């Protein structure tokens, strides 16, 4: 097993990460560009997020992954050993440092006035390096 350098990819993911606040929705829609080409394909697979992402990346190259995220804790409960989807992503990739730079969102959703529906904040993190598989083995 050789040495793998991912510091540059990690820096790019962190630098490229962006917090969108609820008030940013109109601007975000204006920023969107619709690429020419085939329409999106929807698939339902019996696979973990990491398995499905690896399969789709092998087939299509770059893919997007929706993180079913905690509104109050970056990475959900992965630091305490929780085992849900966000925790798997945080444990297996460079996602956690991308999220922690947006303490504003987590603080907002932790206010006593926050409801169980939380807010419409969104964090976009491009090109997050994935370093481990579901079993915790290095890729």
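Remarks
- Test for residue 117: is it under 21 Å from residue 11 (Cα atoms), assigned to a loop (DSSP other than H, G, I, E, B) and free of Cβ contacts under 8 Å to residues at least 24 places away in the same chain: no
- Residue in the range 102-139 that is surrounded by the most Cβ atoms within 10 Å (Cβ to Cβ), counting only those that are in contact with a strand residue (DSSP E or B) (Cβ under 9 Å, 6 or more places away or on another chain) and more than 21 Å from residue 49 (Cα to Cα): 105
- Meets criteria (on the phi > 0 side of the Ramachandran plot and either assigned to a loop (DSSP other than H, G, I, E, B) or without any contact (Cβ under 8 Å) to a residue 40 or more places away in the chain (or both)) for residue 64: no
- Flag if residue 19 is under 21 Å from residue 108 (Cβ atoms), in a loop (DSSP other than H, G, I, E, B) and at pLDDT 90 or above: no
- Tally, over the range 70-101, of residues that are surrounded by fewer than 17 Cβ atoms within 10 Å (Cβ to Cβ) and touching a residue at least 60 places away in the same chain (Cβ under 8 Å): 1
The values are calculated or read from the model by the stated rules, or taken from the named source; none is laboratory data. Just so you know, these numbers come straight off a predicted model, no measurement behind them. Positions of Cβ are backbone-derived with ideal geometry, glycine not excepted, and every protein chain shown enters the neighbour counts.
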